[in-house]
Amino acid sequence: MTYIIAEPCIDIKDRSCVDVCPVDCIHEYERILVIDPEECIDCFAPTEQLLTSHGLRSFAELEDHSCRVLTDSGFKPAVVKRFRRRPLVRLAFAPAFEERDRYGGTRLTTRNISRFRRTVWATPTHGWVLSDGQKTNALDVGQFVPAVRSMPKRDGETYRLGVLHGLVYGDGSWNKVEVRSGEHLHYVQLYGERVARFRDFFDQVNFSPSLDVHPGYVGTGVVRSCVNLKKLLPETADAEYVAGFVDGWLAADGDPVKAGSWRLRSIDHEALAWLEGVAPLAGYVAVGSGEEGSLETNFGVRTRPLRWLYLATRETHWRVMRVDELEADDADTFCAVVPGKHEFTLAGGVATANCGACEPECPVEAIFPEDALPDKWNAFVEINYAFPDAARINSLTDAYATAHDVHNVLPE
């Protein structure tokens, strides 16, 4: 995101911000410093994804679109922008948790046996929020980034519909398209306590005497929909629906493990990959995955290997395991402009921020994110965006200083 230098810099031109700028984008003119709006960008590859109020989206598909992005204080309005081409690095993150150390305190640590990684492509000087509350523009191996997850409501109609979708997707069956209504008819056999607790979510439950011989059978739920739910992921649904879908899928196919976490198994590898990225919208963070070796089952040989995904509900962080500078062409960079917050969440729950190393270094508080610039200083957007036209920058600055009788003095 671009930063703007405003009125307090006129005739001051303190160069502290120049010294800390990681991309050398701050330039000096007769009466003011100016930020190159094209160079003041440290962001992500177009294929990287971020979490929005309507699912997981790539930066490229959201270009110039308004959306609501997930932050540590809920969903906030944002606009995704494309910026100039820059070199990128590949960052590899491993899940980390807070655990007690031998001295009675706590520390963040990774599981040595875990090979689970999240990979992010970003510019090397992109701004990051660290788990200790600090920010950095030079993320390095061994540092920790917080994981962010949403805590959506689980008591509304949207959640109920999501649960039904998840139950059908996980262990239900598609029956037919009804001729009269044109609706798709699905059945869910309600076996076991985890699935049976959703019995009242169904508008219609039938009882089959022939199935009553199976322990835990409480009926067959009927779900009608305008589409085949067995083949559809809720890729554009809101967080409440996604939470219901995930809870229904876990009830049907998941195995509960300690601390409220789950292990979900499926031969639908693409669906698990989607869930890995979108899980934070449902209050989970994917912290492990793997594949079972055997294809044999009681019903024959599977068509695909069975994969599993471990979903945690405990507080999670991400440890930087690798920062790889690869030989590759520069790529277009994208970022989400989040007014007032300047932070958002990548796929999988990886928290990130925008660059802003210069902002806290300015002794007269003249530097602002473009989306947080006070309205009274909107004229400085034009001045900064006039870069590199020195004559225009100088004339615009002189005109503003004269019109507003500016006489700044550096504080002692």
Tell me which residues, restricted to region 315-348, are over 21 Å from residue 64 (Cβ atoms) and aromatic (Phe, Trp, Tyr). 318
Go through region 264-276 and give me each residue that's open to solvent by 30 Å² or more (accessible area, probe 1.4 Å), over 22 Å from residue 153 (Cα atoms) and modelled with pLDDT of 95 or more. 270, 273
Quickly run through region 1-14 and pick out the residues that are under 23 Å from residue 122 (Cα atoms) and part of a loop (DSSP other than H, G, I, E, B). 1, 2
Looking at region 323-381 only, could you name the residues that are closer than 27 Å to residue 403 by Cβ, in a loop (DSSP other than H, G, I, E, B) and among the small types (Gly, Ala, Ser)? 366
Just wondering, is there one or more residues in region 192-207 that are buried (at least 18 other Cβ atoms within 10 Å of the Cβ), among the aliphatic types (A, V, I, L, M), outside any loop (DSSP other than H, G, I, E, B) and within 35 Å of the chain's Cα centre (by Cα)? yes
Counting only residues that are within 20 Å of residue 110 (Cα to Cα), without any contact (Cβ under 8 Å) to a residue 60 or more places away in the chain and either open to solvent by less than 20 Å² (accessible area, probe 1.4 Å) or among the acidic types (Asp, Glu) (or both), region 306-362 contains a total of 1
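Restricting region 15-28 to residues that are assigned to a strand (DSSP E or B) and open to solvent by 20 Å² or more (accessible area, probe 1.4 Å), which is farthest from residue 397 (Cα to Cα)?
Going residue by residue through region 15-28, those that are assigned to a strand (DSSP E or B) are 26-28.
Then drop every residue that is not open to solvent by 20 Å² or more (accessible area, probe 1.4 Å), which leaves 27-28.
Working: 27: 14, 28: 12 Å.
Per the stated criteria, the residue is 27.
Any idea which of 150, 173, 181 is over 14 Å from residue 231 (Cα atoms), open to solvent by 30 Å² or more (accessible area, probe 1.4 Å), of a type in the set (S, T, N, Q) and touching a residue at least 40 places away in the same chain (Cβ under 8 Å)?
Working: 150 fails: open to solvent by 30 Å² or more (accessible area, probe 1.4 Å); 173 fails: over 14 Å from residue 231 (Cα atoms).
Going through 150, 173, 181 in turn, the sole match is 181.
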Could you list, in sequence order, the residues of region 371-412 that are under 41 Å from the mean Cα position of the chain (by Cα) and among the small types (Gly, Ala, Ser)? 372, 379, 386, 390
Just checking, which of 199, 194, 180 is modelled with pLDDT under 95 and closer than 15 Å to residue 251 by Cβ? 194
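Yes/no per residue for (1) touching a strand residue (DSSP E or B) at 6+ places or on another chain (Cβ under 7 Å); (2) of a type in the set (Val, Ile, Thr):
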site	(1), (2)
268	no, no
312	yes, no
322	yes, no
335	yes, no
343	yes, no
348	yes, no
352	yes, yes
Is it the case that region 97-104 has a residue that's under 30 Å from residue 20 (Cα atoms), touching a residue at least 24 places away in the same chain (Cβ under 8 Å), out of contact with any helix residue (DSSP H, G or I) (no Cβ under 9 Å at 6 or more places or on another chain) and open to solvent by less than 70 Å² (accessible area, probe 1.4 Å)? no
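The values are calculated or read from the model by the stated rules, or taken from the named source; none is laboratory data. Small disclaimer: the values here were computed from a predicted structure and weren't measured. Backbone-built Cβ (ideal geometry, glycine too); neighbour counts: all protein chains shown. All accessible areas refer to the heavy atoms of the entire protein, side chains included, with ligands and DNA or RNA removed. Shrake-Rupley method; radii C 1.70, N 1.55, O 1.52, S 1.80 Å.
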